[in-house]
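Undergrad: Sharing a structure here in structure tokens format.
The values are calculated or read from the model by the stated rules, or taken from the named source; none is laboratory data. For clarity, every value in this text was computed on a predicted model and none was experimentally measured. Here Cβ is always computed from backbone atoms with ideal geometry, including for glycine, and neighbour counts include all displayed protein chains. These accessible areas exclude ligands, DNA and RNA; they are computed on the full protein's heavy atoms, side chains included. Shrake-Rupley method; radii C 1.70, N 1.55, O 1.52, S 1.80 Å.
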Amino acid sequence: MLKKTSLALGGAALFLAWNGLLLLFLWSRPGALPGPQSPQNPDGSRLLPAQLLQLAQDAEAELRLQRDLLLQIRELGRLQRLRTPKPPRTAPAAEAELPVIPVLVLACDRSSVRRCLDKILRYRPSARRFPVIVSQDCGHAETARVIASYGRAVAHIRQPDLSDIAVPPEHRKFQGYYRISRHYRWALGQVFRTFRYRAAIVVEDDLEVAPDFFEYFQAVFPLLQRDPSLWCASAWNDNGKEAMVDAGHAELLYRTDFFPGLGWLLLAELWDELEPKWPPAFWDDWMRQPEQRRGRSCVRPEVSRTMTFGRKGVSHGQFFDQYLKFIKLNDRFVPFTQLDLSYLKKEEYERFFLQQVYSAPEIKIEELQKDAGRDLGAVRLQYRGRDSFKALAKALGLMDDLKSGVPRAGYRGIVSFMCRGRRVFLAPPSDWTGYDPSWS
């Protein structure tokens, strides 16, 4: 609008200048052009300059009127622009400053991957900040068609090596675990080496995510960057059955020495460390070994932000019917990015968490079961060895297996859970000195 107005005013000025020059030329040569004859002007030569002068004056008056109108139009346009609210300039800049964290979905032959992808795409707050990469192994045609149906909403990459893997004779029945480990290595290599992302959220094709799945990972991402004692964040609570979590406090987060997986965030620096020694099979249990964990912890939630619907798989439903299908998926959005999560830093966490655990009164399991349902505050059940832990865990409905001596969801040997509305800490003695891998 402003450009058009300027052009019009420039044209008007040029027109006025041209007419002025023409008028001066004609005025200086009164007999140069013939004019109409009349009794008062027998040769017609003296009338022409007067007529031209009148025409020029009329034209000048008209042009002034047009110029005034154009100036009014320009002023109205300026006022209109002032009245029209502009989007805040800080929004795109703020969006650009947020990290880009892809979601890597590992798929094989489950066409039910649609259930996983639908929820991811439904809940992600930004396609730019959370691109979805589906890495498919197995070459299953129907699953490939399902993934392709999402078009540009997801990037579909395919594991190129579908060959059989030579395994020890005693591991012949575990061929699937070897394939999974090979696929993980290739897919994570694509994310961090080919696409060169600095972090990634890893999920498998049989996971459904919670409404605040992305909010949770956005909030804990800076913790991983700043705290070297953390090496991952997981959306999963191994003991997250509905009766064993405090759903009214879904904002609670914990540190755990057990690698949970099942929807987890890692940084590129961790992949730099793990890739050269990535195992041929059983990658998740390998992650739980002290050589890989190196004393580091993960963040995990009170209420899981993922749930698994994949009973059928290489594990043949191990733990699914007894534990996994009962895991509660959080259904209440928690604004984690607005919360202060500094309590998860190692020194601060140990100060308040250990004080909370060991100041709770120690009771026997019989007392817990007798008083269950009454709001009597947190209590502590103490175990003193592997067999003691497994007996108590089994009696309470916890997962009782240990990996490299670490209990599921445990931190410094302590497992926190709810029992009929009461907070319970299953804990070793306060002079605990570390995990014993022989307990596995």
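Undergrad: Mind listing whichever residues of segment 162-187 are in contact (Cβ under 8 Å) with a residue 12 or more places away in the chain, in a helix (DSSP H, G or I) and over 26 Å from Tyr216 (Cβ atoms)?
TA: His171, Phe174, Gly176, Tyr177, Tyr178, Arg179, Ser181, Arg182, Arg185, Trp186
Undergrad: So is Ala166 surrounded by fewer than 12 Cβ atoms within 10 Å (Cβ to Cβ) and either hydrophobic (A, V, I, L, M, F, W, C) or not assigned by the TED database to the domain that holds Gln218 (or both) or not?
TA: Values: surrounded by fewer than 12 Cβ atoms within 10 Å (Cβ to Cβ): yes; either hydrophobic (A, V, I, L, M, F, W, C) or not assigned by the TED database to the domain that holds Gln218 (or both): yes.
So Ala166 fits the description; yes.
Undergrad: Let me ask something else about it. Identify, by number, the condition in (1) modelled with pLDDT of 95 or more; (2) open to solvent by 10 Å² or more (accessible area, probe 1.4 Å) that Phe320 doesn't meet.
TA: (1)
Undergrad: For segment 150-161, which residues satisfy the criterion of being open to solvent by 70 Å² or more (accessible area, probe 1.4 Å) and part of a loop (DSSP other than H, G, I, E, B)?
TA: Scanning segment 150-161 gives a single hit, Pro160.
Undergrad: A further question on this structure: For segment 188-205, name all the residues that are closer than 18 Å to Ser234 by Cβ and either part of a helix (DSSP H, G or I) or in contact with a Lys or Arg (Cβ under 6 Å, 6 or more places away or on another chain) (or both).
TA: Leu188, Val191, Asp205
Undergrad: Related question: Given Val134, Val105, which one is open to solvent by less than 70 Å² (accessible area, probe 1.4 Å), within 20 Å of Met287 (Cα to Cα), among the β-branched types (Val, Ile, Thr) and within 20 Å of the chain's Cα centre (by Cα)?
TA: Criteria check complete, one pass: Val105.
Undergrad: Check Val191, Val146 and return the single one that is closer than 14 Å to Val103 by Cβ and buried (at least 17 other Cβ atoms within 10 Å of the Cβ).
TA: Details: Val146 fails: closer than 14 Å to Val103 by Cβ.
Just a single option satisfies the conditions, and that option is Val191.
Undergrad: Just wondering, is there one or more residues in segment 297-305 that are open to solvent by 10 Å² or more (accessible area, probe 1.4 Å) and either among the basic types (Lys, Arg) or touching a helix residue (DSSP H, G or I) at 6+ places or on another chain (Cβ under 9 Å) (or both)?
TA: no
Undergrad: Do you know which residues across segment 349-368 are open to solvent by 70 Å² or more (accessible area, probe 1.4 Å) and not small (Gly, Ala, Ser)?
TA: Arg351, Phe352, Gln355, Gln356, Pro361, Glu362, Lys364, Glu366, Glu367
Undergrad: Here is a check on your reading of the model: is Leu344 surrounded by 14 or more Cβ atoms within 10 Å (Cβ to Cβ), farther than 17 Å from Glu302 by Cα, touching a strand residue (DSSP E or B) at 6+ places or on another chain (Cβ under 7 Å) and outside the structural domain of Arg293 (by the TED database)?
TA: no
Undergrad: Only residues that are surrounded by fewer than 23 Cβ atoms within 10 Å (Cβ to Cβ) and hydrophobic (A, V, I, L, M, F, W, C): list them for segment 220-230, please.
TA: Phe221, Leu223, Leu224, Leu230
Undergrad: Within segment 278-291, can one find any residue that is in a helix (DSSP H, G or I) and under 15 Å from Thr306 (Cβ atoms)?
TA: yes
Undergrad: Between a first residue in segment 145-160 that is under 8 Å from Val134 (Cβ atoms) and a second residue that is among the hydroxyl-bearing types (Ser, Thr, Tyr), which pairs have beta carbons less than 6 Å apart while being 6 or more apart in sequence or on different chains?
TA: Within 6 Å, the pairs are Ile157/Ser135.
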